[in-house]
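Written below as structure tokens is the structure these notes are about.
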Amino acid sequence: MSEASPERHWAEAFAAAAPERAGEPAWLESARKAAIARFAELGLPSRRHEEWRYTSAERIGRVPWRPAPAAALGAGGLDAFELALGEGPRLVFVNGRFAPGWSRREGLPAGVLAADARSRWEPEGAWLEPLLALPAALADRAFAALAAALAPDAAVVRVGRDVALGPPLTVVFLSAPGADAATTPRLVVEAEAGARLSLVEVHAGPAGAERQLRNALGEIVVGPRAAVDHVRIQLDGAGATHLGHVHARVARGGRYASRTVSLGAAVARLDLVVSLDGEGAEATLDGLYVTAGGQHSDNRTTVDHARPHGTSRELYKGVLAGHSRGVFSGKVLVRKGAQKTSAEQRNANLLLSGQAEADSKPQLEIEADDVRCSHGSTIGQLDEEALFFLRARGLDLAAARALLVRAFADEILAGVPGEGLRERLLAGVLAKLAAAGAAEAAS
């Protein structure tokens with residue numbers, strides 16, 4: 001990085017991007033300025049911050065990142081990323097900017113909006129203004145503030161009252177090649193009262209070891225009695241740093257289901273905050289992180305039970321090979337008055353090498369009585385008896401290990417919609433672990 005501090009560096013980048021923001025509504029420029037000011041106020045976190053104890057934000061801040069310019073897909077188009085997306089509706093963004101030629105919105109039912117924010121500022125300004133501000137629940141996250149300030153556009157999805165969107169809608173955020181390029185994808189989703197939506201969010205970049213930064217921000221609003229199934233897939237390149245921030249608000253009787261799969265990036269960190277703001281609101285959080293080589297994956301969740309009769313279920317699984325490290329920190333907060341809350345949280349880690357490391361920190365903070373809450377975590381290796389059983393039936397060691405890993409990961413992957421995408425992810429898991437096993441055997 002230049003001699004300027006990270007705060008100064010990004011303030012200059014924000015100023016330099018002013019020409020691209022020309023024509024934006026005044027309320028959005030005001031929100032951006034508030035966000036960059038908040039970033040400067042917070043500053044980059046250090047290891048003294050408990051939330052950044054395991055991931056070095058200072059190391060991320062030392063890189064001379066440049067905001068990625070507008071770019072088009074290369075000759076291979078979407079096929080170059082091997083995403084197996086299927087034929088459903090989709091929005092595609094490249095370096096944070098809408099790519100209409102690769103998107104597909106035909107056949108969306110009446111009452112469904114799926115677009116880029118730039119084309120909807122005028123007709124949807126009153127709706128977008130609060131959603132494109134920095135979410136209050138993420139106001140103490142410096143990188144989330146930076147994303148709110150710099151995102152060049154946003155994917156916006158709204159499903160109207162009592163409307164059900166049948167096939168999953170896929171939103172794809174791609175990064176074009178470019179060393180030290182930083183992209184800031186943004187996603188805004190609202191399901192109005194009684195609406196139903198299945199959403200797949202995919203992040204992918206060049207497969208090589210090129211150093212890139214992705215700093216993504218998402219805001220999801222689940223209305224009364226509405227339901228949102230949200231699958232978030234991270235397939236960034238081997239040299240990338242992926243930072244993700246997602247906030248979901250769930251109203252009375254609403255249901256939010258999150259499923260995250262993290263396979264790529266040298267360093268990945270996802271902050272997921274779910275606010276159960278209405279009585280009887282529900283949340284299900286499932287996650288799978290798979291690391292090999294020297295990868296680092298940090299998964300942080302917060303479920304905030306603010307009203308009575310809320311329910312949350314959480315299961316995160318890690319498969320760790322080579323010299324990699326996986327981190328899980330999950331917090332369940334039950335506020336005063338949130339009686340009859342039911343919360344369950346589990347984290348399970350599978351270590352495939354003696355050098356892999358897992359850190360697990362489940363937490364309960366309960367301010368109400370008459371609740372039922374539990375948490376737990378496990379860290380272990382492949383079952384030797386199961387390996388012996390499989391080898392006794394003719395499988396070699398590599399095939400037996402792969403079969404057990406598949407069984408472990410399938411509990412999370414089985415919920416990914418689309419057989420092609422599901423098989424693509426499973427193949428990615430197994431190929432990654434096979435390469436790690438070969439490297440370990442050769443060392």
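In nm², what is the average projected area of the convex hull enclosing the Cα atoms of segment 209-262?
Mean orientational projected area (segment 209-262, Cα hull): 3.5 nm².
How big is the Kirkwood radius of segment 78-211, worked out from every pair of different alpha carbons and given in Å to one decimal?
By the Kirkwood definition, the hydrodynamic radius is 15.9 Å.
Based only on Cα atoms, what mean projected area does the convex hull of segment 246-389 have, in nm²?
Here the figure is 8.9 nm², rounded to one decimal.
Assign unit charges at the C-beta atoms only (+1 for Lys and Arg, -1 for Asp and Glu), then state the dipole size of segment 186-228 relative to its Cα centre in Debye, rounded to the nearest 20.
Dipole magnitude for segment 186-228 comes out near 80 debye.
In whole angstrom, how far apart do the alpha carbon centroids of segment 215-293 and segment 306-326 sit?
When both Cα centres are located, 11 Å separates them.
Ranked highest first by the average count of other Cβ atoms within 10 Å around their residues, in what order do 86-96, 379-389, 291-301, 9-19 fall?
Ranked by mean Cβ neighbours within 10 Å, highest first: 291-301, 86-96, 9-19, 379-389.
Any idea how far apart A209 and L113 come out in nm if each label point goes 7 Å out from Cα toward Cβ?
A separation of 4.6 nm, rounded to one decimal place.
Just report the Cα centroid separation between segment 90-129 and segment 34-53, whole Å.
Cα centres, segment 90-129 to segment 34-53: 31 Å.
Enumerate the whole-percent occupancy of each 5 Å bin, from 0 to the last occupied one, for all C-alpha pair distances of segment 146-253.
Whole-percent P(r) values from 0 Å outward: 3, 12, 22, 20, 16, 12, 8, 5, 2, 0.
Quick check on the chain: helices-only [θ] at 222 nm, where DSSP H runs of length 4 and up contribute -39,500 (n - 2.57) each and the sum goes over total residues. Nearest 500, please.
That comes out to -7500 deg cm²/dmol.
Quick one: with all protein chains in place, what share of the accessible area of the chain is carbon or sulfur, to the nearest percent (1.4 Å probe)?
Ligands and nucleic acids excluded, carbon and sulfur give 52 percent.
DSSP beta bridges in segment 243-339, what fraction antiparallel, as a percent rounded to 5?
Looking only at bridges with both residues in segment 243-339, the antiparallel portion is about 0 percent.
Kindly state, as a whole number, the per residue volume in cubic angstrom of the convex hull around the alpha carbon atoms of the chain.
Output value, Cα hull per residue: 149 Å³.
Would you mind checking segment 285-311 for residues with the amide N under 17 Å from a putative spin-label position 7 Å along Cα→C-beta of S56?
Residues 294-298 fall inside that zone.
Would you give the gap between the C-alpha center of segment 143-209 and the C-alpha center of segment 355-413, rounded to a whole Å?
Measuring centre to centre over Cα atoms gives 30 Å.
Convert 10 °C to kelvin, take the viscosity as 1.306 mPa s, use the Kirkwood radius over C-alpha pairs of segment 324-374 as Rh, and evaluate the Stokes-Einstein diffusion coefficient in µm²/s, rounded to a whole number.
Value of D from the Cα-based Kirkwood radius: 125 µm²/s.
Cα to Cα, under 22 Å, and not fewer than 8 places away if on the same chain: which lysines meet these conditions relative to K340?
K331
The values are calculated or read from the model by the stated rules, or taken from the named source; none is laboratory data. Quick caveat: nothing in here was measured; it's all calculated off a predicted structure. Note: ideal-geometry Cβ built from the backbone for every residue, glycine included; neighbour counts use all protein chains shown. Accessible surface areas use protein heavy atoms only, side chains included; no ligands, DNA or RNA. Shrake-Rupley method; radii C 1.70, N 1.55, O 1.52, S 1.80 Å.
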